[in-house]
Every structure is written in structure tokens, then in C-alpha cells.
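Before any comments, here is the structure.
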Amino acid sequence: MAQSIALDGPAGAGKSTIAKRLAALLGLKYVDTGAMYRTLGLACTRRGVDATKEEEVIPVLQTADIRVGYVGDTQHVYLDGEDVSTLIRTDEAGAMSSKVSVHPPVREKMVDMQRKLADEISVIMDGRDIGTVVLPNAFLKVFLTASVEERARRRRQDYLLQGKNKTQEEVEEEIRERDYRDSHREVGPLKQAEDAIRVDTTGLSIEQVVDTIRELYENRQKEAANA
Ligand code: DC
């Protein structure tokens, strides 16, 4: 039986860092679903499409060849055969992906791809709707949060590494905007599943968060073995 983890939460909660560590520790395949929306966002940028208009996004969705592959344990995404894994990491691509992800046909296709990736093996999948829509029967569901201030502090550090200097207020505003859009779309909004365990990472180190979730997973395994 697959024993997959659904890891949801807002932008900047630390999902991908935590998921990668847990994947290595627990022997799970890491699936980054945001990367798929980002790749579609990039396809829209390249074709000069207005990502807020569903009728403009649909032809891109139908014709862009978006694939997910693995090099060792690392997920890569491909757009029309080109490895765009690094190109999709900009904040422009992040904003674009948030816009394309509101359209129902986009979500339908992505959810389908994501379920196929988790078909036969245990995965740790991070996103916004994994516990609610993509893997409703996940073995463990975790909803990772942190305060807006803390998420903005972390994001500012990332920006500094990219040579960008933004104020704390600017980054907090960006995060609030993204949270609002991600939580208020009609299909697959960012929302904690009823049976998800909430882990607030404000003030915690990466190791502390990893340990907390590993413990939750191992406890679930014990429960399942005794059931
Ligand atoms: O996790 P991320 O920042 O790479 O995600 C980029 C955008 O993709 C995010 O703003 C919302 C969207 N997304 C989504 O709608 N559903 C998911 N499962 C993952 C990401």
C-alpha cells in the first residue's frame, strides 16, 4: 500500500525544503506540484498570453508539452522538451503560475498528471490542494503554515541570494496578495483538509519541522501496523 504524504500550505511556509528532506529520510519520491503550474505560466509568458484570461490560457494548455521527469531523486520539469527547472524559479514565474492556476481546466489537467505520478509508489507531494483534491486518501496530511512576517523574512533572504533587495513591507504585501488569490479561487483553493495536521513553523528550525513530521509519519505507520 502506498503511504504518501500530502503537504499543503501557503507560499513561503517552507514546503519544498521540508519535503525534500523528508523524501530522503523516509524513502519517498518528492513531487513538487507548483513546478507544473509554473511551467504552464512560463509557456504563457513565452507566447505573450494574458494568464488571467481562461480563453487565452486554454490553447496553451492544449498545445504546450509539459512533462515531469527525475534525474536521480531530483524532479525536473520540461516544456516542449526543454528543461526549464531553473527558469521557472523567478518571482515573475511564481506570480504567473498563481494566475494560470485559477482556471478549472488547468487544475483538471494538472491534478490528473499529479495523480498518475503518485499511482504506484509512495510520494511526498507539496502544493495547495493535495490533501483536499489530489490525494484525498493520503496516508498522512500536513498543513504547513508560518506567520506572514516570518514567511516574508525567509523570502527576503532568498531574494538577497538572487541579488534583489526588497523591503520587508514589499515582500509581506506580495505574500498577502498571493495568499489571497490562492485561497479565494473557486476550484482547488488553498485550504486545510479536515483530517490534516497543522504544523506552524514560525520560530522553528528546518530540523525541528522535519523531526515533527517524521514523528507524525512513524506514528501513523505504527497505527496502521496495529490496525
Ligand atoms: O508552490 P509554488 O510557489 O511553486 O506554487 C506556484 C503557484 O502554483 C502558486 O501560487 C499556486 C499554484 N499552485 C496551485 O494552485 N496548486 C498546487 N497544488 C501547487 C501550486
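None of the figures in this text is laboratory data; all of them are computed from the coordinates on show. Here the structure is a predicted model, which is why all the values come from computation and not from measurement. Glycine gets a Cβ as well: all are built from the backbone with ideal geometry, and neighbour counts include every protein chain shown.
Of all residues in region 29-70, how many are over 16 Å from T90 (Cα atoms) and aromatic (F, W, Y)?
So the count comes out to 2.
Of all helices (runs of 4 or more DSSP H) completely enclosed by region 12-124, which ones contain at least 3 residues that are away from the ligand (no atom under 13 Å from the Cβ) and not hydroxyl-bearing (S, T, Y)?
Because the criterion is at least 3 residues that are away from the ligand (no atom under 13 Å from the Cβ) and not hydroxyl-bearing (S, T, Y), the helices (runs of 4 or more DSSP H) in region 12-124 that meet it are 15-26, 54-63.
Can you name the condition, by its number, that G131 falls short on among (1) within 14 Å of the ligand (Cβ to nearest atom); (2) assigned to a strand (DSSP E or B)?
(2)
Within region 110-164, how many residues turn out to be closer than 15 Å to L190 by Cβ and within 17 Å of the chain's Cα centre (by Cα)?
19
Cβ contacts < 8 Å: first residue free of Cβ contacts under 8 Å to residues at least 40 places away in the same chain, restricted to region 82-102; second residue more than 12 Å from the ligand (Cβ to nearest atom), any location; separation 6+ or different chain. Result?
D83/H76
Testing K166 on (1) in a loop (DSSP other than H, G, I, E, B); (2) within 16 Å of the ligand (Cβ to nearest atom); (3) over 30 Å from I121 (Cβ atoms), one condition comes back false. Which one is that?
In the conditions (1) in a loop (DSSP other than H, G, I, E, B); (2) within 16 Å of the ligand (Cβ to nearest atom); (3) over 30 Å from I121 (Cβ atoms), K166 misses (2) alone.
Go through region 149-163 and give me each residue that's within 13 Å of the ligand (Cβ to nearest atom) and in contact (Cβ under 8 Å) with a residue 40 or more places away in the chain.
Across region 149-163, the qualifying residues are R151, R154, R155.
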